[in-house]
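Nothing in this text is a laboratory measurement; each read-out follows from the coordinates by a stated rule. The structure presented is a predicted model; accordingly, all values stated were derived computationally and were not measured. Positions of Cβ are backbone-derived with ideal geometry, glycine not excepted, and every protein chain shown enters the neighbour counts.
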Amino acid sequence: MKPFKFFIKPFNCEDYDNPPNFRFLGVTPIFVSEDNGRDARKMIYVYLDDGTIVPAQTIYDDHDAYHRADVYQVHGNQIFLILRNEETSKL
């Protein structure tokens, strides 16, 4: 069992707005990484010029956004918010 992590400051999506013209939205549901077999998520960005949804870098459980960002299911350029308790009950 992993120890409970105490968070020092509130989670702020704007801390992850990078590069310019992209806004961090949240993360995908958990999936198993093909690279190393670990549970992972993709960070999701919105391109501000045209609203394109962009799943980006893979993150693991040592990343703050993995645990604290909103979880979205991405289908093409549509996104659906998933409550975390519903997402984990599907595992």
What ³J(HN,Hα) values, in whole Hz, does the Karplus curve 6.51 cos²θ - 1.76 cosθ + 1.60 give for the stretch 48-60 when θ = phi - 60°, with x put for Gly and Pro?
-> 5, 5, 9, x, 5, 8, 10, x, 10, 5, 7, 10, 10
Residue by residue through the stretch 68-82, the couplings from Karplus 6.51 cos²θ - 1.76 cosθ + 1.60 with θ = phi - 60°, in Hz, x for Gly and Pro, are 10, 6, 4, 9, 10, 8, 9, 10, x, 10, 10, 10, 10, 5, 10
Projected-area average for the stretch 13-89 over all orientations - Cα convex hull basis, square nanometres | 5.3
Amide H to amide H, which residues 5 or more places from residue 45 or on other chains are under 5 Å from it, using H placed in the peptide plane?
-> 25, 54, 56
Give a quick list of chymotrypsin sites (Phe, Trp or Tyr not before Pro) in the stretch 13-91 that DSSP marks as loop, anything other than H, G, I, E or B, with at most 13 other Cβ atoms within 10 Å.
-> 60
The stretch 17-27 - phi-based ³J(HN,Hα) in whole Hz, Karplus 6.51/-1.76/1.60, Gly and Pro as x = 6, 6, x, x, 6, 10, 10, 5, 9, x, 10
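In debye, nearest 20: dipole of the stretch 13-89 around its Cα centre with unit charges on the Cβ of K, R (+) and D, E (-)? Can you show the working numbers first?
Working: 6 positive and 14 negative charges, 29 e Å.
About 140 debye.
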